[in-house]
1. About the Cα centre, and with charges only on the beta carbon of Lys, Arg (+1) and Asp, Glu (-1), how big is the dipole of the stretch 82-225? Nearest 20 debye, please.
2. Whole-Hz Karplus ³J(HN,Hα) for the stretch 332-349, in order, using 6.51 cos²θ - 1.76 cosθ + 1.60 and θ = phi - 60°, x for Gly and Pro?
3. Could you go through the stretch 123-130 in sequence order and give the Karplus-derived ³J(HN,Hα) for each residue, using 6.51 cos²θ - 1.76 cosθ + 1.60 with θ = phi - 60°, rounded to whole Hz, and x for Gly and Pro?
4. Any chance you could give the angle, 0 to 90 degrees and rounded to 10, that helix 39-49 forms with the longest Cα principal axis of the chain?
5. Given Ala153, Gly98, Tyr81, which one lies farthest toward the positive end of the charge dipole of the stretch 51-168, if we put +1 on the Cβ of every Lys and Arg and -1 on the Cβ of every Asp and Glu?
6. Only Cα pairs under 8 Å and at least 6 apart count here; give the relative contact order of the chain as a rounded whole percent.
7. Mind checking which aspartates and glutamates have their C-alpha under 17 Å from Lys243, skipping anything on the same chain fewer than 8 residues away?
8. Under a point-charge model restricted to the Cβ atoms of Lys and Arg (+1) and Asp and Glu (-1), what is the dipole moment magnitude of the stretch 1-142 relative to its Cα centre, in debye to the nearest 20?
Amino acid sequence: MENWRKSIVEVLRECNGESNLEEIYEKIKPSIPNLDIAWKAGTRSTLEINSSDSEAWNRKHDLFGNIEKGSGVWKLRTNYYRNEILDPNTNFYFLTTGKKKHGDINYEKYTWNVHQNNKLKTGDIFIYRVSQKNSFNNQFYFFGAGKIGTIYAANAESKPDFKEGDVFANIIKPIEFENSIFQGELKPSDLDHEGKNWERYFQNYGIDEISLDKFLFILNKGTNKDIKFDPEENEIQIETRKKIFEHDYKVPNSRVTAKSRGIYQRIFREKIILPNYEYRCAITGIKTKSCLTAAHILKWADYEEYRLDPQNGICLSKLVDICFERNLIYIDDTYRVNLRDEIKKDEMLYKALFKYEGIKIHLPNQKSLYPNKKFLEIHKNKIG
């Protein structure tokens, strides 16, 4: 099925991104070994289970779109980079980043050595990946994409640990994923890896060439299929990732508008706090994402220097968040839950929350991401 899917992707790419079933049949026929009488049904089935436009969608790969239901015309689902994807000269990669000593600047510059990889070229497009070793939660993850621009030879001035053969490329057309994709959300088989785990999958000096179907799988999973590119939002997302990497959590009031505040707070929820807490309320354990929010310990309005600080947020379900914001609940310096007497005056509210009193909250995997105890103390003492 994986080879069939890959073949259909390449056929549609060859057909400038879309084609009718009869043409797909004609072009895919030579690539299918051991044809049987059901090969056309197999082709249709592959299109349908890999398309969110179909009731048969397997809810994993979303690679194809149906131009009009019942028309028999199918297209490659290219949320972004359509021109590059349809260019037969474009190759596709996973690029691993996250090591400061390499001198990479996400969305601006990528460095490598041509003696280790001499295939990556101007015009190729890629998915950014952070390795498990360099991840904040011990899971590798994909977080954005870009296009290789002009490639330059590096030197000792531009790269402190310069070696002969080092080059760097400007990154153009960068996009930050709406949803980072973590290791725990994927199975090796999703990327056609035969192993039971990810061992030996990423191993080519941080540059792994991939097929178009794998590129589209990650790109479309990380973006919205009805994406409307917003330059301001993308710029803020890229800026925020850089700030967090540099431990600069301040969002000055001069940068805040009604629109940008919503973007910053969505990033804080979606890309910082919820992943840190493994998409789970730290108190109740609720895991339904739509019921979760990122609670600021120190209020956004009052502390601009800590607005993006991972230690200034806790993943809470919405009822608990309201109680925490109103200081009906506080968390002490041992990370245990405390209920104010006011909660006990409301029989139904107390009934919903009493069992959590005194429990230790669920904490992130890394101690450096635990809630800041000084922040918790300020919150505890700020009544009303």
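Computed from the coordinates by the stated procedures, all read-outs in this text should not be read as laboratory data. Just so it is clear, the structure is predicted and the values come from calculations on it, not from any experiment. In this analysis, Cβ positions are derived from the backbone assuming ideal geometry, glycine residues included, and neighbour counts consider all displayed protein chains.
1. That gives the stretch 82-225 a dipole magnitude of about 180 debye.
2. Karplus values, whole Hz, x for Gly and Pro: 8, 6, 9, 6, 9, 7, 10, 9, 6, 4, 4, 4, 5, 7, 9, 4, 6, 5.
3. x, 5, 10, 8, 10, 6, 9, 9
4. Its long axis makes an angle of about 20 degrees.
5. Gly98
6. 12 percent
7. Cross-link targets: Asp104, Glu108, Glu176, Glu232, Glu233, Glu235, Glu270, Glu304, Glu305, Asp309.
8. Charge dipole of the stretch 1-142: 800 debye, to the nearest 20.
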